[in-house]
Amino acid sequence: MYGRYTQDLGSFAKDEAARLRLQEGDTPRPHRPSELLEYTQGRCAPCRVCALQCQRFLISKVGEDWVFLILLGLVMALVSWAMDFAIATCLQAQKWMYGGLDTNVLLQYMAWVTYPTVLITFSAGFTQILAPQAVGSGIPEMKTILRGVVLKEYLTLKTFVAKVIGLTCALGSGMPLGKEGPFVHIASMCAALLSRFLSLFGGFYENEARNIEMLAAACAVGVGCCFAAPIGGVLFSIEVTSTFFAVRNYWRGFFAATFSAFIFRVLAVWNKDEETITALFKTRFRLDFPFDLQELPAFAVIGIASGFGGALFVYLNRKIVQFMRRQKTINRFLMKKRLLFPALVTLIISTLTFPPGFGQFMAGQLTQKETLVTLFDNQTWAKQGISNEFEYLGILEAWHHPRSNVFVTLVVFILMKFWMSALATTIPVPCGAFMPVFVIGAAFGRLVGESMAAWFPDGIHTDSNIYRIVPGGYAVVGAAALSGAVTHTVSTAVIVFELTGQISHILPVMIAVILANAVAQSLQPSLYDSIIRIKKLPYLPELGWGHHEKYNVRVEDIMVRDIRYVTLNCKYRDLQQVLHSTKMKNLPLVESAESMILLGSIERAQVGALLSNQLSAQRRLLTLRQKVLSEDGHRLSDSSIRFQISTETSSGTPARPSLRKPLKPALKRVPSSPADSPPAGSTDHTGIALKSLFCANAGTEPTEVR
C-alpha cells in the first residue's frame, strides 16, 4: 500500500550524479563561460564581466522566497492603502452631498439614495462584464483551489482588476459589506500574477506545488494588510482556507503578512492619517482591573447567544439565495435584468438608513469604521436606563435620540443590520461578510455591557474598591464571538486583540469565542462552506457534530458495482448495447470479463463518434469498393466485422511530428476459413489497437479492479 524503496533515495541520487560527472569528464570545461568571452577584451573588460555577474546574481536571487514575499507584501499594502483612501473619499463625498442639501429634506433623500445605488449598479455591471468570477467573497473559491481543484479565470489579471474596482465602489457606497474575504482573493491573484511574471527569469515559479504554497501565504497577507493584524491573519487564513497546513509555509505567511501590515500602517503615517503606527481601533480600557470574575457569566452569555446568532445569519443568507433561485419567474426576470436586483436592494437599505427618517433610531449616518470606534468607547452611555445623563459629543451623537434611550437604539440597530447584512451579501458584487458581522457582534456586546452598567450603576464592589463596568470591553467580546461563530474560527480573538491594541480581555474573549463556535458548529456550517454548497463547488467539507458514524463508511459501501464496461474484444453490437443501457459519461475498459483488469476509460461521446464514423456513408462506399476490388471474393458478413484502430503509420508515409495523432478507425476483415486465418506466431493487433484507443498511455501497467 505504501510502497517500498529498493535503494535509499539519497545514495541513489549521489551515485547518479557521480555517473553523470564521469560521463562529462571527457569534455573539458572552459574556465570562463562562453557568454563572458565577448566582454574579456578591451579596457573596461573587468567592469563588464563584474556587471554581468552581478546581474546574474540578482536574477538568481529573484527566485528566493523572501524576495517574492517582500514583493507580495509591498504590492498588497499599496493596494489596500489605495483602496481605503478611495473608499474614504467616496464616503466623504456622500456626506458632503447630504450636508450641502440640508435646506431640503427631499433633495437630501434623493442624494442619500441615488449615490450608493449608482455605485453598486456600476460595481455589479463592471464586474459582470469584465470578470463574473470576481463576484462574492473569494474565500470559498480559494478553499477549493487549495484543495487542488483548478478553477479557470479565478486568478487572472482581468479578475484582479474587476475585484479591486468593484470592491472599491461597493464599499464606497456605504452598504453593510466587508473587505476581508475579497482581500484574501485579491492577495491570491496577486501571488499568482507575481509567480507568472517572475517565471520569465526562470522556470522556478512554474512549479505547481510551489504556487500552491505561495497561495497559502497570500491568504495570510490578505487578512494581514486588511486589518493590520499579521498574527491573526496567518491563523485565520489557516483555519478558513486549509484543511491541512504544511509547517514549512508558516514562516512565509508570517513574514509576508508582517511586512504587508507594517507598510500598510507606514503609509497611513505618511499620509498624516496617524501620528505613529497604532492599532486601527485603539481602545483605552483600564489595565489594573479590566473585569471582575463575577462578569464572566455575562461574557459566557454573549458567547452562547452569538453562537445562535451566527448560525441564524448563515441560515438566513442561504435561504435568501435559495429563494431567489427556486422562484423561476423571479429568477428569469433577474437574469434578464441583472442590475435590477442590486439597485433594488441598495434602494431599500439606503431608504431605511436615511438619517432624518428611520435611520435616526439606528445611527444611520455613521460608517462602519465610525460605528466600531463608538462601540469600543470605554465610557458608559447610559446609567440606570436614563440616556440624557451622558453628554454625547462628536460622532456619539448618532446614538442619542431625544424620544428614546440608548437601549432602543442598539436593539433597532442590531435587528435591522442583521437582516440588511444577510441580504446585502447576496448582491452580485465583490463583497465580504466579516466586517458587517463584526459590527453587529460589537453592538450586541455593547447592549449587554450597557445593561450590566445599568444593573450595577456603582460597579462591582471588590475589597472595598469600586470598579465601574466598561461596556466597551463587552463590545470587543461580542465582536469576536459573533464573527467567530459565522466563520467557525477561533483566530478572531487574536484579530480583535491586534485591532484594538489591548490584550486585557483575553480570557473573556476566548471563553465567548469557544462557546460561540461550539454552538454554531453544532447547528450550521460556516458561511464559506454554505456558499460552497450553494455554488456546488467541488469541495468536501468537514463532518459536523453528530456525524461521527460516517467516519466508518467505506468506499465499497457507496460505490456502484453493477456498471457496464467494455472489453478488448467487444463487437459493434456489444458497444451499442452498452451505450443504450447506461448513461455514464465515461466507460471503463477491461481486459476481459474473466480477469476484470482495468486498462483505462473512454468518454461516451468519443465512442459514439467512432461508431458513427464506422457506419457513415463514406465508410460504406469505401467498403463496397474494397469488396469489388478484393481478390478473394469472399463476402463480408455482418458477424465478421470487428473494430480496429490503426495507430501505426504506413510504410510509404513518414510519421508526423505531432504529439497527439488523431485516431483512424477502419474495418477489418476476419477470415471466414481456416486457410485465411493468420499463422500461430503472428500477433492479433485488434486488442492492442482497441487498448490504445481507450487508454491515454497504453504502456502503463494495468490495475486490477477489486
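Projecting label points 7 angstrom from Cα along Cα→Cβ for V247 and I503 puts them 2.3 nm apart.
Subtracting the Cα-Cα distance of F197 and I277 from their residue separation scaled by 0.36 nm leaves 25.6 nm.
Which FRET efficiency value, to the nearest 0.05, is calculated for E397 and L340 with the Förster distance at 30 angstrom and r the Cβ-Cβ distance?
Working: r = 36 Å, r/R0 = 1.22.
About 0.25, to the nearest 0.05.
For an R0 of 41 angstrom, estimate the FRET efficiency from the Cβ-Cβ distance between Q23 and E594 and round to the nearest 0.05. Walk me through the numbers on the way to the answer.
Numbers: r = 48 Å, r/R0 = 1.18.
E(calc), rounded to 0.05, equals 0.25.
For the pair V49 and K536, label points projected 7 Å from Cα toward Cβ lie 6.7 nm apart.
Database remark: amide H of G600 closer than 5 angstrom to the amide H of L589 (H placed geometrically; neighbours at sequence offset of 5 or more, or on other chains; Pro and chain starts carry no H).
For the range 59-271, how many pairs of lysine residues have a Cα-Cα distance under 18 Å, where the two are 8 or more positions apart or belong to different chains? Before the final figure, lay out each step's value.
Working: K143/K152; K143/K163; K143/K179; K152/K163; K163/K179.
Close lysine pairs found across the range 59-271: 5.
In what sequence, highest mean first, do 277-285, 256-264, 209-217 appear when ranked by Cβ atoms within 10 angstrom? Intermediate results must be reported in sequence, preceding the final value.
On the way: 277-285: 16.1, 256-264: 25.4, 209-217: 18.8.
Output ranking for 277-285, 256-264, 209-217: 256-264, 209-217, 277-285.
What FRET efficiency do you get for N378 and E556 if R0 is 60 Å and r is their Cβ-Cβ distance, rounded to the nearest 0.05? Can you show the working numbers first?
Values: r = 61 Å, r/R0 = 1.02.
Result of the calculation: an efficiency of 0.45.
Taking packing as the residue-averaged number of other Cβ atoms within 10 angstrom, the listed peptides 14-21, 73-80, 173-180, 124-131 run from highest to lowest as 173-180, 73-80, 124-131, 14-21. For the peptides 512-521, 567-576, the ranking by packing is 512-521, 567-576, with the highest mean count of neighbouring Cβ atoms within 10 Å listed first.
Bear in mind these aren't lab numbers, they're just calculated from the coordinates by the rules spelled out. Not measured: the values here are computed from a predicted model. Quick reminder, even Gly has a Cβ in these numbers, built from the backbone with ideal geometry, and neighbours come from all protein chains shown.
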